[in-house]
Each structure stands twice: as C-alpha cells, then as structure tokens.
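Comments concern the structure below.
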C-alpha cells in the first residue's frame, strides 16, 4: 500500500509537470487531498501508513540534508557574513514574537508560552527542501538564498534543541492527571 500510494504521489507530481500548459493542477494539493480522504474514510490505514512514512522519512531526511550540504558554496557564506546571520536572528526573534501573540488568549501559563516560543525556533526541513530552488532555477540570487537557508538551519536547529533540552523541566509542569480530568469533563 505504501508503494502504491507513493507511486500515485509521484505520478501526480509528474502530471503537474507535464500538464502545466494544458490544465493547471497542483500535484502537492492532490497528494494532500488523497491523504485527507484516506484519513477520513479508513483511519486504521492512515495510522499504519503514517507509521511507515515516518520510517521512510528517516532515510529521506538524511539524503536531503547531505544534498543541501553538498551544494553549499562556502565562499557565498563568507560573503553573506554578518548580514545573513542578522537576517536569520531577526527572523527567529520575529517568529518567537508571533508565537507569543498566537498564545495570548490560551490557558497556557507564561512559562509554557515561553517554552513554546523556544520550541518553535528550530527550522531545518523546509529550509533544506526549498533553499536550493532558486539555485536550481538559475536565478542570480540562488546561491545566497541557499546559503542563508543553510545558515538558518545551522543557527536555529542547535538553538532550539539546546533551548528545549535545557528548559522543559523548568518551564513545563507535568499535569498529566489534571489534563485527563479536564479532557473527561469537557473543559
């Protein structure tokens, strides 16, 4: 089933590429729709597929990061320098502020909100997946976009991992019993 769904997914992406001038379709939206339908109609299958795809992702993630690392030009990283690091840090702070604003009307405590702000800082997979697109399209900015994407990974991933590991015990309270009672009572 995994191979069939994976094959259909590749087929949908290829249909998007081949039919782009005839019929505008989105292969990725079609794949997401297929997943939503499977989840709605046959949840047991969806859970099994999710488990299998998580295992596939472990290998694919390694390949993705190796390929991104292989095409990074160190000279562009040195040219980008402090400005690129500043952009990444500004974006990280801006994201943390956005998380805080999103959590204002929740029942989370201030400590839990702060933990969420830290937990949302590591960014890597999307940057690795799309950072090389401008370069592959032949755009002049391709190398700098890829370089900043890799810098974002190198800065935010360790910051988030260290932040989560060093603060979760101090900022989060284990309210498992209390949570279960709230869930049962409908609160």
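Read-outs throughout are calculated quantities, based only on the coordinates presented, and are distinct from any laboratory measurement. Note that this is a predicted model, so its numbers are computed, not measured. Note that each Cβ is placed from the backbone with ideal geometry, even for glycine, and that neighbours are counted across all protein chains shown.
When you restrict to C-alpha pairs under 8 Å that are six or more residues apart and normalise by the size of the chain, the relative contact order lands at 19 percent. With R₀ fixed at 30 Å, the C-beta to C-beta distance from residue 85 to residue 109 puts the FRET efficiency at about 0.40. Based on the Kirkwood approach, the hydrodynamic radius assigned to the chain is 20.1 Å, with every pair of different Cα atoms included. In this simple spin-label approximation, residue 20 and residue 44 carry label points 7 Å from Cα along the Cα→Cβ vector, and these lie 4.2 nm apart. Cα centroids of segment 71-102 and segment 1-15: 35 Å apart. Per-residue ellipticity at 222 nm from helix content only, as computed over the chain with -39500 (n - 2.57) for each DSSP H run of at least four residues, stands at -27000 deg cm²/dmol. With the biggest extent put first, the Cα atoms of segment 1-69 measure 40, 36, 16 Å across the principal axes.
Relative protection proxy for 113-122, 137-146, from highest mean packing down: 113-122, 137-146 (other beta-carbon atoms within 10 angstrom).
Placing pseudo-labels 7 Å out from each Cα toward the beta carbon at residue 154 and residue 102 gives an inter-label distance of 2.8 nm.
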